[in-house]
Amino acid sequence: MGDGDQSAHGARGQRKTEGNVLCCAHKRPGSTTSARDQLNLNLISKERSQNSQINYKATNTVTHPLTNEPLSCFITGTDTEIGKTLVASAIVHLQAEKGHRVAGMKPVAAGAYLKGKTWCNEDVDSLMQASSLKLDQNLVCPYLFTTPVAPHIASVLEGRVIEPNHILKCFRRMRDAADAVVVEGVGGFRVPLTDTFDTADLAVELDLPVILVVGLRLGCINHALLTVDSIRSRGLNLIGWVANSVSPNMDKSEDNLRALKQRISAPLLGHIPYLTTASYVDAASYL
């Protein structure tokens, strides 16, 4: 979770300090290292060792974030089609069941079907259905593209520029009306939205605690650890992660889950087994 995390600014400052100490400690060939310089090097080595333990040792002492209090958060995933909407809708549902005014938000979605005269998206439908606070779809999903491709490509194809400021305005309107807003990203953590702005940038601008959904399948350990590093490098607070079994017969799934728990220093909020029918109500029972 957030324990042991540093802001990006703090991390940069620390690296700069370490670099200065190392420059002072670096000697010409044949010269001796002073006691003070050696002490500095020992301290740096010890600190790096502690940081390594923080990054790869699971923390089990952090309070589970899905308590009775309303929780606004950003849901991201290790990839596309790994259960972000299922988990996001489940978290919305859990909070709605506790009597909170909660709404799900999907700022950008690609791939739509026509219902009457309205373009709809299954992910957006799920979030809106789970929400106790009923809001206009254009607020819940400011950018809905009909073409099921990467958002920045769909944006060009359909002639609609994704404006981050518009997304933030919609989020603030939802936040003002709700006790909690659960924002689901699109695809993985670093999906381009424009030529210069991606979903990681959006997460930073929203400044919400992050929950990571890990789709249990071959390659998930590498994908999960890279995503965790990317989240934390931006100074974001990873408050937990959810394991979602996307295949009914993944080989060595428990071994993979054990490896993830050993290496992600944030609490495992739940393990959703493979569900033949993807119901967020059923998924919520595993969180």
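The values are calculated or read from the model by the stated rules, or taken from the named source; none is laboratory data. What you see is a predicted model, and the numbers here were worked out from it, not measured in a lab. No Cβ is skipped: glycine too gets one built from the backbone with ideal geometry, and neighbour counts run over all protein chains shown. Quick note on the areas: whole protein, heavy atoms, side chains included, nothing else; ligands and nucleic acids left out. Shrake-Rupley method; radii C 1.70, N 1.55, O 1.52, S 1.80 Å.
The residue that is modelled with the lowest pLDDT, among those in the range 244-273 that are touching a helix residue (DSSP H, G or I) at 6+ places or on another chain (Cβ under 9 Å) and exposed (fewer than 15 other Cβ atoms within 10 Å of the Cβ), is SER247. Within the range 98-138, the set of residues being more than 20 Å from ALA178 (Cα to Cα), small (Gly, Ala, Ser) and without any contact (Cβ under 8 Å) to a residue 40 or more places away in the chain comprises GLY111, ALA112, GLY116.
Within the range 152-169, the set of residues being in a helix (DSSP H, G or I) and open to solvent by 10 Å² or more (accessible area, probe 1.4 Å) comprises HIS152, ILE153, SER155, VAL156, LEU157, GLU158, PRO164, ASN165, HIS166, LEU168, LYS169. Count of the range 250-268 residues, restricted to those that are touching a Leu at 6+ places or on another chain (Cβ under 7 Å) and small (Gly, Ala, Ser), is 2. Among the residues of the range 199-221, the one identified as closer than 21 Å to GLY270 by Cβ, part of a helix (DSSP H, G or I) and open to solvent by 30 Å² or more (accessible area, probe 1.4 Å) is ILE221. Please find, within the range 180-204, the residue that is farthest from ARG234 (Cα to Cα) out of those that are aliphatic (A, V, I, L, M) and out of contact with any Lys or Arg (no Cβ under 6 Å at 6 or more places or on another chain). Of everything passing the filter in the range 180-204, ALA180 is farthest from ARG234 (Cα to Cα).
Filtering the range 222-237 to residues that are of a type in the set (D, E, K, R) and part of a helix (DSSP H, G or I) leaves ASP229, ARG232. Annotation note: Cβ proximity below 8 Å between a residue of the range 185-197 that is under 15 Å from ALA88 (Cα atoms) and a residue that is acidic (Asp, Glu) and open to solvent by 30 Å² or more (accessible area, probe 1.4 Å) (sequence gap 6+ or interchain) occurs for GLY187/ASP79; GLY188/ASP79. Annotation: LEU218 fulfils all but one of (1) within 20 Å of VAL102 (Cα to Cα); (2) modelled with pLDDT under 95; the unmet one is (1).
Among the residues of the range 174-198, the ones that are within 26 Å of LEU86 (Cβ to Cβ), part of a helix (DSSP H, G or I) and open to solvent by 30 Å² or more (accessible area, probe 1.4 Å) come to 2 in all.
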